[in-house]
1. Kyte-Doolittle mean at least 0.5 and Cα extent at least 24 Å along the axis: which DSSP H helices of the chain qualify?
2. Could you compute how much accessible surface THR9 exposes when probed at 1.4 Å, giving the result in Å² to the nearest 10?
3. Please build a GNM for the chain, connecting alpha carbons under 10 Å apart, and tell me which residue among ASN42, ASN23, ASN60 fluctuates the most.
4. At 0.36 nm per residue, and after removing the present C-alpha to C-alpha distance, how many nm does the segment from ASN45 to ARG94 gain when stretched out fully?
5. For the chain, max minus min Cα coordinate along each principal axis, in Å, sorted largest first?
6. Please build a GNM for the chain, connecting alpha carbons under 10 Å apart, and tell me which residue among VAL43, VAL61, VAL28 fluctuates the most.
7. Go ahead and estimate [θ] at 222 nm for the chain from helices alone: -39,500 (n - 2.57) per DSSP H run with n ≥ 4, summed, over the residue count, rounded to 500.
8. Can you pull the accessible area of GLU6 for me, 1.4 Å probe, Å² to the nearest 10?
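The values are calculated or read from the model by the stated rules, or taken from the named source; none is laboratory data. Because the structure is predicted, anything quoted here is derived from the model rather than measured. All Cβ positions, even for glycine, are placed from backbone atoms using ideal geometry, and neighbour counts span all protein chains on display. Quick note on the areas: whole protein, heavy atoms, side chains included, nothing else; ligands and nucleic acids left out. Shrake-Rupley method; radii C 1.70, N 1.55, O 1.52, S 1.80 Å.
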Amino acid sequence: MLRNREMETCMLALFQTIDLALNLYTWVLIGSAIFSWLYAFNVINSSNRFVNSLGTFFYNVTEPVLRPIRRILPDLGGIDISPIVVLLIIFFLRSLMWNSIVPLFL
């Protein structure tokens with residue numbers, strides 16, 4: 001059985017790991033948005049193997065999260081604000097976790 005202090009340490013480690021994962025996903029979303037702009041304006045060579053694999057990675061990692069958001073949002077022409085919505089959701093979840101949930105366990 002874990003003692004109370006050990007349980008607090010485990011819960012804190014869990015919340016820090018979740019926070020790190022959300023932080024990393026934030027940077028992946030930002031990288032994906034920048035990559036899509038560079039790709040759309042032909043700044044990067046789309047026939048380059050590395051560029052193609054990087055684009056595939058960004059698509060596979062972000063599209064499952066962005067697709068449901070795009071279905072809900074109204075059509076804004078060529079502007080995709082779904083990454084901004086996901087970033088706001090991540091910010092909300094991180095704030096909720098550290099300000100409301102973590103103090104309950106510590």
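1. TM-like helix candidates: 4-40.
2. 80
3. Top of the fluctuation ranking is ASN42.
4. Values: separation 49, 0.36 × 49 = 17.64 nm, distance 3.62 nm.
That pair, ASN45 and ARG94, stretches by 14.0 nm at full extension.
5. 57, 34, 18
6. Largest GNM mean-square fluctuation: VAL43.
7. Value at 222 nm, helices only: -26000 deg cm²/dmol.
8. GLU6 exposes around 70 Å² with every protein chain in place.
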